[in-house]
């Protein structure tokens, strides 16, 4: 996230379901970063429509859709309704765990430390279905054969949800029905979830993503940062850069697509060439260098899921010609947000302050890549044209 803001603690007793719309309205009226924008987007009318739709909703899933649509009507980043069946709820709760332990009434908060049963995949909901938007290297999803672009329809014979389908099943086999090709026959895969702490899972997935890829005689380092929140993740990134330096790579791909933000603009110092290389010289003449600077030509991969602090990083990399941006325009999601515990146990993710980068407002604008490469991940069958283009560019230098 571009900034960390202490979560609002609501002291009221749990509200009955019919009052959730009013509860959200009160919070938005009090905390939303741009009060004038509420009138611009017709917030009052959206609230009244949501009240009617909420009362008429047939079940909990339908009520959740009403609240998601209500928050989406604000047309602002860092602004959403996340019920507990949404994987984003658990990611956000884990990222902000130190704040939520202090700010959330116990009856509204998840159990701490935040854990969930997961298979090592990043999920996107598109067209009402769940697609695999990323597979963590070495995780259960990869071992089971899940690929980028797979649509997962069912788990153990029931409709699939990336939280509910794996909850309470750590260490137990789960049978998945997967659609890999549009209109093709369904695949049957078996995956075994594991208990994870989401923020640590993001850090571990970032560490595990590092590899050196051979492309036309060139050695290219690759690292995917799933969430750049916290010192531990930044240390993981710098250690990966040191591995790349030891491997004497010819290029470096830093993948900032999807996931969560959290990057500090100062992280761009990784491209600064003025830091000297310190080498240990052994008595036998052998040497070992410790170098956490990217000194090879670099590409930063971005897409519409690159948001928040990742966008500020991408903006600086492009502006100062530190790396080439490849992929699609970033999310244009650069506000300061805070999570708020609601009475139904969900999280309200709300923008509470505006943000500028070098005096420029990126909210709703994003960062355009130097090399546009469109990519619809649905039914991609593991093929990643954006990464392939990045590797080709670096191999050609």
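Readers should treat all values here as calculations from the given coordinates under stated rules, not as data from a laboratory. Remember, it's a predicted structure, so these values are computed and weren't measured experimentally. As a convention, Cβ positions derive from the backbone with ideal geometry for all residues, glycine included, and neighbour counts pool all protein chains shown.
Numbers at a glance
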{"read-out": "Sorted by Cβ neighbour density within 10 Å, fewest at the top, the residues 76, 343, 94", "value": "343, 76, 94"}
{"read-out": "Global geometry of segment 313-397, whether rounded, prolate or oblate, following the gyration tensor of its Cα atoms and the 1.5 cut on a/c", "value": "oblate"}
{"read-out": "Rounded tilt (10° steps) of 231-246 against the dominant C-alpha axis of the chain", "value": "20"}
{"read-out": "Inter-label distance for residue 156 and residue 371, nm, one decimal - labels placed 7 Å from Cα along Cα-to-Cβ", "value": "4.5"}
{"read-out": "Once the Cα gyration tensor of segment 326-369 is diagonalised, semi-axes √(5λ) in Å", "value": "27, 14, 5"}
{"read-out": "Relative contact order (percent, whole number), the chain, Cα cutoff 8 Å, 6+ residue spacing", "value": "20"}
{"read-out": "Tilt relative to the chain, helix 60-72 - C-alpha long axis, 0 to 90 degrees, to 10", "value": "70"}
{"read-out": "Rounded to 5, the percent of DSSP beta bridges in the chain classed as antiparallel", "value": "70"}
{"read-out": "Share of pairwise Cα separations in segment 257-384, more than 23 Å, in percent", "value": "48"}
{"read-out": "Cα pair distances of the chain binned at 10 Å [whole percent]", "value": "5, 21, 30, 26, 13, 4, 1, 0"}
{"read-out": "Sequence-separation-based contact order of segment 131-274, relative, with Cα cut under 8 Å and 6+ spacing, percent", "value": "17"}
{"read-out": "Relative packing of 133-143, 316-326, which averages over residues the other C-beta atoms within 10 Å, highest first", "value": "133-143, 316-326"}
{"read-out": "Segment 117-195: projected area of the alpha-carbon convex hull, averaged over directions, in nm²", "value": "4.6"}
{"read-out": "Between segment 206-237 and segment 346-371, the Cα center-to-center distance that results, in Å", "value": "25"}
{"read-out": "Sorted by Cβ neighbour density within 10 Å, fewest at the top, the residues 353, 71", "value": "353, 71"}
{"read-out": "Sorted by Cβ density within 10 Å, fewest first, the residues 330, 190, 229", "value": "190, 229, 330"}
{"read-out": "Relative contact order %, segment 117-195, counting alpha carbon pairs below 8 Å whose residues are six or more apart", "value": "32"}
